[in-house]
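The values are calculated or read from the model by the stated rules, or taken from the named source; none is laboratory data. In this text, all values refer to a predicted model and were calculated from it rather than measured experimentally. Using ideal geometry, Cβ is built from the backbone for each residue, glycine included, and neighbour counts are taken over all protein chains shown.
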Amino acid sequence: MGVARLCTPPLTKSENDLPLSPGMQDPARERGRGTEGVAVWRADPAGPRMGHSRGLLLVGLFKLSKAVFFTAVGAGALHLVNRDLGSVLLHVIDALGIDPERHFVTVLLNHVEFIDPHELRKAGVLSFLYATVCVVEGAGLVLEKRWAEYFTVILTVAGLPWEGFELLRKFSSYKLALLAINFGVLLYLLWILKRRKAGGGS
């Protein structure tokens, strides 16, 4: 009787204080261990990547919106080649219900007289080229391509001095806002590249 009592493995208790048979694992503990493992596996990789994806998506959409804008500008410039710009401007002013005797209308009409077809073609071609560059930048950033990040950083750094000079030459809120946005985009991309380099990520 004494030997039998020593050889019999003692009953263990579960977390709910219920007796368990020898060799039986506590289902509650097993469920908790599995759930914690899945939670940790999902939380670690997803957190920082979601932030990067969201930021790059916003920058990419901003570049794509610039592409749409400059495509429209280029198409409009080429459409106005060999047309009377003064008559077109007066038609637009009349459609908008603006008084043609106002000072800024006179200034616009005076400037329109000095625009020739060659300048319109040049403006249209340059607008299409810049729109193409914006499409390449925007698509690459939306797809989170490393080359697109470096490409955008290089172009932004190259363009900031010119934008600053234009702002100093003739101040406007639009130029100031554009300069601030491009500078913010530059800082954000540099932060991403520095963080990836420090983490050894691709």
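The table that follows gives values for the structure above.
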{"quantity": "Condition met for LYS175 (among the basic types (Lys, Arg), free of Cβ contacts under 8 Å to residues at least 24 places away in the same chain and out of contact with any Asp or Glu (no Cβ under 9 Å at 6 or more places or on another chain))", "calculated": "no"}
{"quantity": "Any hit, region 107-121, residues being in a helix (DSSP H, G or I) and in contact with a Phe, Trp or Tyr (Cβ under 9 Å, 6 or more places away or on another chain)", "calculated": "no"}
{"quantity": "Residue in region 136-155 that is over 22 Å from LEU58 (Cβ atoms), exposed (fewer than 13 other Cβ atoms within 10 Å of the Cβ), of a type in the set (A, V, I, L, M, F, W, C) and outside the structural domain of VAL81 (by TED's automatic domain parsing) present", "calculated": "no"}
{"quantity": "Test result for GLY97, touching a residue at least 12 places away in the same chain (Cβ under 8 Å) and small (Gly, Ala, Ser)", "calculated": "no"}
{"quantity": "Filter pass, ALA77 being part of a helix (DSSP H, G or I), over 22 Å from GLY184 (Cβ atoms), under 30 Å from the mean Cα position of the chain (by Cα) and outside the structural domain of PHE183 (by TED's automatic domain parsing)", "calculated": "yes"}
{"quantity": "Selection within region 79-137 - more than 20 Å from GLY159 (Cα to Cα) and β-branched (Val, Ile, Thr)", "calculated": "VAL81, VAL88, VAL92, ILE93, ILE98, VAL105, THR106, VAL107, VAL112, ILE115"}
{"quantity": "Tabulated pairs, region 113-131, first of a type in the set (Asp, Glu), second in a helix (DSSP H, G or I), C-beta under 9 angstrom, 6+ apart or interchain", "calculated": "GLU113/LEU85; GLU113/GLY86; GLU119/ALA77"}
{"quantity": "Selection within region 172-202 - outside any helix (DSSP H, G or I) and surrounded by 10 or more Cβ atoms within 10 Å (Cβ to Cβ)", "calculated": "SER172, GLY201"}
